[in-house]
1. Taking amide H atoms as placed 1.01 Å from N in the peptide plane, list the residues 5 or more away in sequence, or in a different chain, whose amide H sits under 5 Å from that of L40.
2. Does anything in the stretch 68-109 have its amide N under 11 Å from the 7 Å Cα→Cβ label point of E141, and if so which residues?
3. State the extension gain, in nm to one decimal, for the chain segment bounded by R49 and L154, taking 0.36 nm per residue of separation less the distance between their alpha-carbons.
4. Taking Cα pairs under 8 Å and at least six residues apart, what relative contact order does the chain come out at, in percent?
5. May I ask you to derive the FRET efficiency for R82 and A102 from their Cβ-Cβ distance with R0 = 25 Å, giving the value to the nearest 0.05?
6. Is there a quick way to get the dipole size of the stretch 2-155? I mean about its Cα centre, with the Cβ of Lys and Arg at +1 and of Asp and Glu at -1; what is the value in debye to the nearest 20?
7. Under a crude label model (7 Å from the Cα following the beta-carbon direction), how far is E126 from D95 in nanometres?
8. Mind checking which of Y33, Y108, Y64 has the largest fluctuation in a GNM of the chain, springs on alpha carbons under 10 Å?
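Values in this text are rule-based calculations from the coordinates and carry no lab data. As the structure is a computational prediction, the values presented were derived from the model and not from experiment. So basically every Cβ, Gly included, is an ideal-geometry build from the backbone, and we count neighbours across all protein chains shown.
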Amino acid sequence: MVRARRPSPGRHHPASAADVREALATFGEKAYYGLKSVELMPAPPAGGRLVFGELVGPGQIRLYDLPRPPWRLPHALWQHERMALRDAGADLREDGIVSWPADSLRRYMLGHVLAHELGHHVLQHERRLRGERGVRTREHEARAEVVASRLRELLD
């Protein structure tokens with residue numbers, strides 16, 4: 001269910017396949033029921049923005065490789081992005097530079113990115129069980145984050 005592809009040159013997977021398996025076990029079957037795969041893979045072209053992960057289809061999550069920190073960002077972060085990264089342990093003291101002390105980036109990938117995408121999975125899986133189409137709305141994003149917050153607490 002968890003597979004890893006080689007990262008692109010100069011990039012890495014902050015959380016390993018073993019880390020993902022351990023996080024899923026910690027989250028429990030209710031969080032991953034119906035999940036077909038989690039793939040660690042090279043990130044798609046994103047126009048200079050960082051792409052961490054996404055739910056790409058029913059039961060399919062992708063976690064993307066990232067540049068090795070520190071990151072020198074070509075753009076300003078939105079306030080909510082700054083807050084989320086800081087809350088996850090990122091060091092944002094220097095303008096345009098994001099550093100990740102110790103294993104904070106690994107923890108971010110598991111407790112924020114994986115957990116959030118699992119939140120989407122849980123919500124869409126529930127919709128499909130009721131015979132509804134799985135769609136993303138602003139409300140869906142907020143509800144996925146509520147699920148992610150609960151899962152994140154299990155990792156701490």
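1. Result for L40 returns R3, A4, R5, L63.
2. Under 11 Å, as judged by backbone N against the label point of E141, lie 80-81 of the stretch 68-109.
3. Extra length from R49 to L154 when fully extended: 34.9 nm.
4. Averaging sequence separation for qualifying contacts and normalising by length gives 23 percent for the chain.
5. 0.80
6. The dipole of the stretch 2-155 has a size of about 400 debye.
7. Rounded to a tenth, the inter-label distance reads 4.4 nm.
8. Y33
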